[in-house]
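Asker: Please find one structure pasted underneath; my questions will follow.
Just so you know, all these numbers are worked out from the coordinates, no wet-lab data involved. All values derive from a computational prediction rather than experimental measurement. Quick reminder, even Gly has a Cβ in these numbers, built from the backbone with ideal geometry, and neighbours come from all protein chains shown.
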Amino acid sequence: MKIQKIKNIFPDQRIARYNLTAWQKHQSDSIYFIGREVFHPGEEGQPDSGILKLFELDADSKIVQERIIWKPMYDGINLEDPRALELPNENLLIGLTAVFRDKKGIPVPFPAIIKIDSHTSWDQELPPFLIISTFGPGKNLTPIDNHTYLFRPERREYNHKILVFSLHRQVPEKLDDIEFPKDLSWAKWRIGTTMPPIWMNDEEALFIIHGISIQNVRGVNKYVYSIGRAKLTRKNNKFNITVAPDPILTPDNFISESGTPLVQELHPNIRRVVYSCGGIIKKNKNDTLSLYVNVGDMTTFEVEFSIKELKEGLF
C-alpha cells in the first residue's frame, strides 16, 4: 500500500500527544482534534493517565488554538481514545473509553458516549459522558450512526470479535457480533476498531482497523500493533467483515533511513505501537484519506492514502 504523505503533527513536543479523533467543519478549512496529552507513562498494568485537549490546525497544519477540555477530578478516573462521528447537522457523537478503579484499585475500562449538540457553540469543557455498563467492561467505543455503536468487550472470546449495539432513550440493545479472522499474521492476538467506518453506500463501508500480534523483538516478547483495512457490510442490522490480508501500516513504516525509529516509544519494553482513533477525507481531497496515526504512544502523524487503493480487492 503506497503512502502518499507522512507528516508529524507535533514534531517539537516533549510530551505525548496521541490517539486523536478528527473532524472538519463545513465552513472552515481548519482540522479539529480531540486527543490525549500524557506527561508520564503509567506503570506496567496501569493506564497512562492524562488530559484531553482540543486542537485546531489551520490549512497549513499550524496549531492555531489548543485548550484543555477534560481533566480528571479524582484519582482513578481517566478518559481515553475518543472517536468522533460528525452527523449531518454538524453535531458530534464521540465514543470513548472511561477507565475506573475497582475496590482493589485495579483499572477497569468501560465504553462511554458523549453527544455534542453543535461543535460550533459548545463551551470550554467536554459535556458529561454516558457510561455503557450493560455488556460489562470494554474498549474502543466507535459510533457508526446516530444510534449504533461498536466496541470490544474485555473478554478473551472477544479478542477477534466486536459487539454491536443500538442506543435509544439511553437503553442499550445488542444487535450483533462482528467476527474477524484469527489467522492474520499481524492480528493473531487481538483485533479492534480505529476511526468510524467510511460508508460507500447504505450497506458497505471502508473500515480501517488495528491488529496486535506478540513478537519476539531482540529476546523480548512485545505487543506489536499494525493498521489494516476491511470492508464492513451491514444488512438488517447484521454485520459481516472482509479483511485485506496485509496491513497498511506497521511500526517499521516509522523508521528513518538510518534504521532508527522516528519516535521513541512511551513503553519501549512492552510494545511497538501504530494506532489510530481518527481520520478524515478533506474537502479539497475527496480521493484521499488522511489518517491520524499514533506512533509509539508519543506523537501523531498524518498519513495519506488513496481511497481507491484502500478499496482495492475489497469492493
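Asker: Which pairs have Cβ atoms under 8 Å, sit 6 or more apart or on different chains, and link a residue in the stretch 279-306 that is on the phi > 0 side of the Ramachandran plot to one that is outside any strand (DSSP E or B) and among the aromatic types (Phe, Trp, Tyr)?
Answerer: Filtered contacts from the stretch 279-306: Gly296/Phe254.
Asker: How many residues does the stretch 46-85 hold that are assigned to a loop (DSSP other than H, G, I, E, B) and either farther than 22 Å from Leu266 by Cβ or without any contact (Cβ under 8 Å) to a residue 60 or more places away in the chain (or both)?
Answerer: Result for the stretch 46-85: 14.
Asker: Sticking with this one: From the list Tyr32, Tyr18, exactly one residue is closer than 20 Å to Pro127 by Cβ and of a type in the set (Ser, Thr, Tyr). Which is it?
Answerer: From the options Tyr32, Tyr18, the qualifying one is Tyr32.
Asker: Test Lys2 against the criterion of being under 26 Å from Arg229 (Cα atoms), in contact (Cβ under 8 Å) with a residue 40 or more places away in the chain, of a type in the set (D, E, K, R) and part of a loop (DSSP other than H, G, I, E, B), and give yes or no.
Answerer: yes
Asker: Next up: How about the stretch 170-180: which of its residues are touching a strand residue (DSSP E or B) at 6+ places or on another chain (Cβ under 6 Å) and in contact (Cβ under 8 Å) with a residue 12 or more places away in the chain?
Answerer: Residues satisfying the conditions are Pro172, Lys174, Leu175, Asp176, Asp177, Ile178, Glu179, Phe180.
Asker: Please go through the stretch 264-278 and pick out each residue that is without any contact (Cβ under 8 Å) to a residue 60 or more places away in the chain and assigned to a loop (DSSP other than H, G, I, E, B).
Answerer: Answer for the stretch 264-278, where residues must be without any contact (Cβ under 8 Å) to a residue 60 or more places away in the chain and assigned to a loop (DSSP other than H, G, I, E, B): Gln264, Glu265, Pro268, Asn269, Val273.
Asker: Further question on the same structure: Anything in the stretch 126-155 that is closer than 18 Å to Lys238 by Cα, of a type outside the set (A, V, I, L, M) and in a strand (DSSP E or B)? List them, or say none.
Answerer: Result: Thr142, Pro143, Thr148, Tyr149, Phe151, Arg152.
For every residue, the table says whether it meets (1) touching a residue at least 40 places away in the same chain (Cβ under 8 Å); (2) over 23 Å from Ala16 (Cα atoms).
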| site | (1), (2) |
| --- | --- |
| Lys182 | no, yes |
| Trp189 | no, yes |
| Ile198 | yes, yes |
| Phe207 | no, yes |
| Lys222 | yes, no |
| Arg229 | yes, yes |
| Lys235 | no, yes |
| Asp252 | no, no |
